[in-house]
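Here is the structure we will look at.
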Amino acid sequence: MKIYKLTKPSDPMTVYIGKTSLSLNKRLSCHKCEAKKYDRKVYRWYDNTCKIELIEIYLGDNSGIREMEVVQEYITNGYDVMNDKNGESILNPNYTKEKNNKNYIKYKNSGKIEEYISNRVKISNDENNQRSKICRAAKKEGLTSKEYKIKYNI
């Protein structure tokens, strides 16, 4: 497994750390395609000047742990790391988003955990419906979803 980083010449202290079994050029092409489809922190930062660089080839069993260790190393060295998760769920076996979510705790303590889960599913479906609407509207105008959101300040 290859551990790599994306860098941008105009922003040298910001990186994205990832892992892949693909060639680095193929993975960079995937990032370019994903940047057109998804509205994530890394893709709001990403542009065509980004470069991909090999950090290391990892031969161990759990490359996810190694990837997050590298993320933590970069954070410790003062870099702004664009990864959505910075290793909490992988490096800390006691961490779960649910356990640390205040709403989850509130519903659990009040005995309404089913209501919490039901609301989460509803919100997720609503978000997906909104994304689909944006995607269709963007396509009608010949834009990517990202371009459409920028044009209409969404």
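Coordinate-derived values only; no laboratory data. Because the structure is predicted, anything quoted here is derived from the model rather than measured. With ideal geometry, Cβ positions are generated from the backbone for all residues, glycine too; neighbour counts draw on all protein chains shown.
Taking other Cβ atoms within 10 Å as a rough exposure proxy, 22, 143 sort from fewest to most as 22, 143. Measuring against 23 Å, Cα to Cα, the residue pairs 5/140; 32/140; 5/36; 41/106; 26/149 contain 5/140; 41/106; 26/149 as the ones spanning a longer distance. The ratio of the alpha-carbon radius of gyration of region 1-81 to the globular-protein estimate 2.2 N^0.38 Å is 1.06. Take the Cβ atoms of residue 152 and residue 28, set R0 to 30 Å, and the FRET efficiency comes out at 0.55.
Exposure proxy for 135, 50: other Cβ atoms within 10 Å of each Cβ, ordered fewest to most, give 135, 50.
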